[in-house]
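In what follows, a structure is listed as structure tokens, so that the remarks can point back to it.
The values are calculated or read from the model by the stated rules, or taken from the named source; none is laboratory data. Bear in mind that the values here come from a model prediction, so they are computed numbers and not experimental data. Cβ placement follows ideal geometry from the backbone for every residue including glycine, while neighbour counts extend to all protein chains displayed. The protein model used for the area step is the full one, side chains on, heavy atoms only, and it has no ligands, DNA or RNA in it. Shrake-Rupley method; radii C 1.70, N 1.55, O 1.52, S 1.80 Å.
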Amino acid sequence: MSAPRVLRYADEDELTTEVSKHLVNALARAQSERGTAHLCFCGGRAERAVCAHLAALARSGSIVPTRLHLWWSSEAFVTTTDPSRNSLATLAVLGGALTLPPSNIHAMPSSNGSADPDDAAYAYAKELDGTVFDICLLELGRGGRVASIFPRHPSFTAQSGTSQLSTGVTDAPEGPAEQVTLTYRAINRSRQVWGLACGAERAGCLAATLGGDPRTPAARVHGAERTVWFVDRAAASTVPYFQCDL
């Protein structure tokens, strides 16, 4: 496993614009090499901005919608139409630009059809099965949270003892109390993991992540082939870097 690559941008707008460009190229390359592309979303403010830029770029025709599959790394365990669902926010932005077959949209089960978060997680794990994401997007949250894996919480501490691909979360410290999340087992088999970190409030946990702090959930995510952190200047304010003029 190689060390993560860090790409630094002036601000969140520049970051999300550039990520969307990289994403179009990576998905088109995956479709060219393997026929289909599997993209996993996470929800979050920066990711929604990426989706807006991606929707505009997707109209160029570089991505073949019928050969693109969408997945999610975390979801609120609420009703299907609840606005807090990550999948609803993503599809509201991308729906007009990418006409995907319904079978290519792999949203996590809602409370309408599942008894509890663990039931929903079990159903999603069965659907996921052996799928490997070409790109898994993750947004760095408070305390180094990724997906619905929270620091100092059972969703994090239970990771080392599970072989499941997804799991239910209860008493979540942020968002709806009940959620569903992919586990490290599912995330870390992705070909590439792309992390997004924006804003000065993420500076401390980004430094902890890149430093490998074992108390930080994001420090334990990595891609099987490549790990990239896209960060803005504010989030990277405590991360050392070197500038060479040749």
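Restricting segment 46-68 to residues that are modelled with pLDDT under 95, among the charged types (D, E, K, R) and not in a loop (DSSP other than H, G, I, E, B) leaves a set whose member that is least open to solvent (accessible area, probe 1.4 Å) is Glu47. Is it the case that some residue within segment 186-206 is of a type in the set (Ser, Thr, Tyr) and over 12 Å from the mean Cα position of the chain (by Cα)? No; the residues of segment 186-206 include none that is of a type in the set (Ser, Thr, Tyr) and over 12 Å from the mean Cα position of the chain (by Cα). Scanning segment 181-199 for residues that are open to solvent by 30 Å² or more (accessible area, probe 1.4 Å) and part of a helix (DSSP H, G or I) yields one hit, Arg185. Among the conditions (1) buried (at least 21 other Cβ atoms within 10 Å of the Cβ); (2) within 13 Å of Asn104 (Cβ to Cβ); (3) of a type outside the set (A, V, I, L, M, F, W, C), Gly43 misses just one, which is (2). Is it true that some residue in segment 72-79 is in contact with a Lys or Arg (Cβ under 9 Å, 6 or more places away or on another chain), under 27 Å from Pro217 (Cβ atoms), hydroxyl-bearing (Ser, Thr, Tyr) and in a strand (DSSP E or B)? For segment 72-79, residues in contact with a Lys or Arg (Cβ under 9 Å, 6 or more places away or on another chain), under 27 Å from Pro217 (Cβ atoms), hydroxyl-bearing (Ser, Thr, Tyr) and in a strand (DSSP E or B): absent.
Do we have any residue at all in segment 158-180 that's under 13 Å from the mean Cα position of the chain (by Cα) and open to solvent by 30 Å² or more (accessible area, probe 1.4 Å)? No, that holds for no residue. Of everything in segment 125-157 that is part of a loop (DSSP other than H, G, I, E, B) and open to solvent by 60 Å² or more (accessible area, probe 1.4 Å), the residue that is farthest from Met108 (Cα to Cα) is Arg152.
Residue-level check: of (1) in contact (Cβ under 8 Å) with a residue 12 or more places away in the chain; (2) assigned to a helix (DSSP H, G or I), Ser160 misses just (1). Residues of segment 1-43 that are assigned to a helix (DSSP H, G or I), hydrophobic (A, V, I, L, M, F, W, C) and under 16 Å from the mean Cα position of the chain (by Cα): Leu15, Val19, Leu23, Val24, Ala26, Leu27. Within segment 100-124, the only residue that satisfies the criterion of being more than 30 Å from Arg59 (Cα to Cα), surrounded by fewer than 18 Cβ atoms within 10 Å (Cβ to Cβ) and touching a helix residue (DSSP H, G or I) at 6+ places or on another chain (Cβ under 9 Å) is Gly113. Tell me which residues, restricted to segment 88-124, are outside any helix (DSSP H, G or I) and within 27 Å of His22 (Cα to Cα). Within segment 88-124, Gly95, Gly96, Ala97, Leu98, Thr99, Leu100, Pro101, Ile105, His106, Ala107, Met108 qualify. Screening Ala97 on (1) in contact with a Lys or Arg (Cβ under 6 Å, 6 or more places away or on another chain); (2) surrounded by fewer than 21 Cβ atoms within 10 Å (Cβ to Cβ); (3) closer than 21 Å to Gly195 by Cα shows it passes everything except condition (3).
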